[in-house]
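Participant: Submitted below is the structure of interest, expressed as structure tokens.
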Amino acid sequence: MEVEEEVKRMLEEVKELHDSAASFISSSSHQELTLRQKATSVEASLRRLHSTLASDKSLDPKLVEKLEEDLHRARCMLADGDLSSFLPSKPQGRFVRMFLGPVNVRASRKDIQLKVKEEYNSYRDKTALLFLFFPAALMILRSYYWDGCLPAFPVQLYEAWLLFLYAGLAMRENVLRANGSDIRPWWLYHHYCAMGMALVSLTWEIKGQPNCVQKQRGVHLFLQWAMMQGVAMLLQNRYQRQRLYTRIALGKAQRMDVVWGETAGVDGQLWLLCPILFILQGFQAYVGVLLLRAALTGVVAEWQVMVCGILLVVMAVGNFINTVETLMAKSRVKAKMKKSKSRAELNHTS
């Protein structure tokens, strides 16, 4: 009898707990819907005010500049605070839907969003080291142990790792964009192209040819470019994080934003990074043209050579255009800041 009464008591307790949980979920859902509607309305009002300031020529330029700064600060508070989870999320890319299906990857809490970003930065730091040491090890082994001719398996292992690397970057960046990050679409397309190149190169036969050194010339150049890319990635990761922290402190960036190498660093750092980036892009295009020429002249007849050459050229051109556009935008922002500073000093002296 005591056991029976205990079971009935537990059943009643579970029912009460179930009703409390259902009431809490219903109440929180109603509050969440209200917050979403208010956040969407405020976001639309901010966009409307920004358009009004841009189109109204009768306002004092100094007042417009101050109001724009206040609006930018309000947008940062809206997009970078706890309210960001109540804003309409960006549409998830097909890449995420292809692997996960119609699953919402938008985190509801800000600490979870920041954890996703921290994991992404950690992934980039680790892959930068592998990007440098993996091809360096292959080149050293080629020179001292493989008589100048790379065997197929280590190269294919490296290409499989590249496929995993770029797939991981693309997945993480799609998730970050869904959670409010400002990653440029080009970098996603760049990683898709790199994934395609790695997948195609896995089927490229490079072993057992009588002209091994000539046929592997493109592979050697690509490994050299990969080592340079590893060095550039290490520099980028360090400078970008420092620069992003500064921009967040100044209210010019959000904590979920991601800064790539072409926008990283202050003036001294840009003088170091920009030449490295442009050299890498030129070398990448050179390797692509070399592969295309080898395929067109019949030196290497495999179709994989033609596809890899086209993809390398496309990625190099896209990287160059994206870098130039970002540097131009950066120069415009600097000019605007300098102009505002000059006005402030003039007003102070007068």
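The values are calculated or read from the model by the stated rules, or taken from the named source; none is laboratory data. Just so it is clear, the model here is predicted, and its values are computed rather than measured. Cβ sites come from the backbone with ideal geometry, for glycine too, and all protein chains shown count toward neighbours. Surface areas here come from the heavy atoms of the whole protein model, side chains and all, with no ligands, DNA or RNA. Shrake-Rupley method; radii C 1.70, N 1.55, O 1.52, S 1.80 Å.
Participant: Hey, could you check region 282-324 for residues that are of a type in the set (Ser, Thr, Tyr) and in a helix (DSSP H, G or I) and say which is farthest from Val219 (Cα to Cα)?
Facilitator: Thr323
Participant: State yes or no: is Glu2 under 33 Å from the mean Cα position of the chain (by Cα), modelled with pLDDT under 80 and of a type in the set (Asp, Glu)? It would help to see each step written out before you state the result.
Facilitator: Working: under 33 Å from the mean Cα position of the chain (by Cα): no; modelled with pLDDT under 80: yes; of a type in the set (Asp, Glu): yes.
Answer is no for this residue.
Participant: Condition check: modelled with pLDDT under 80, part of a helix (DSSP H, G or I) and open to solvent by 90 Å² or more (accessible area, probe 1.4 Å). Does Met98 satisfy that?
Facilitator: On the way: modelled with pLDDT under 80: no; part of a helix (DSSP H, G or I): yes; open to solvent by 90 Å² or more (accessible area, probe 1.4 Å): yes.
The answer is no for Met98.
Participant: I've got another one for you. Among (1) of a type in the set (A, V, I, L, M, F, W, C); (2) surrounded by 11 or more Cβ atoms within 10 Å (Cβ to Cβ); (3) at pLDDT 85 or above, which single condition is Leu67 missing?
Facilitator: Of (1) of a type in the set (A, V, I, L, M, F, W, C); (2) surrounded by 11 or more Cβ atoms within 10 Å (Cβ to Cβ); (3) at pLDDT 85 or above, only one is false for Leu67: (3).
Participant: Could you please let me know if Leu165 is over 27 Å from the mean Cα position of the chain (by Cα), open to solvent by less than 10 Å² (accessible area, probe 1.4 Å) and not acidic (Asp, Glu)?
Facilitator: On the way: over 27 Å from the mean Cα position of the chain (by Cα): no; open to solvent by less than 10 Å² (accessible area, probe 1.4 Å): yes; not acidic (Asp, Glu): yes.
No.
Participant: Do we have Ala54 as on the phi < 0 side of the Ramachandran plot, open to solvent by less than 70 Å² (accessible area, probe 1.4 Å) and modelled with pLDDT under 80 here?
Facilitator: On the way: on the phi < 0 side of the Ramachandran plot: yes; open to solvent by less than 70 Å² (accessible area, probe 1.4 Å): yes; modelled with pLDDT under 80: yes.
Spelling it out, Ala54 is indeed on the phi < 0 side of the Ramachandran plot, open to solvent by less than 70 Å² (accessible area, probe 1.4 Å) and modelled with pLDDT under 80.
Participant: How many residues, within region 307-334, are at pLDDT below 85 and open to solvent by 60 Å² or more (accessible area, probe 1.4 Å)?
Facilitator: Qualifying residue count for the region: 6.
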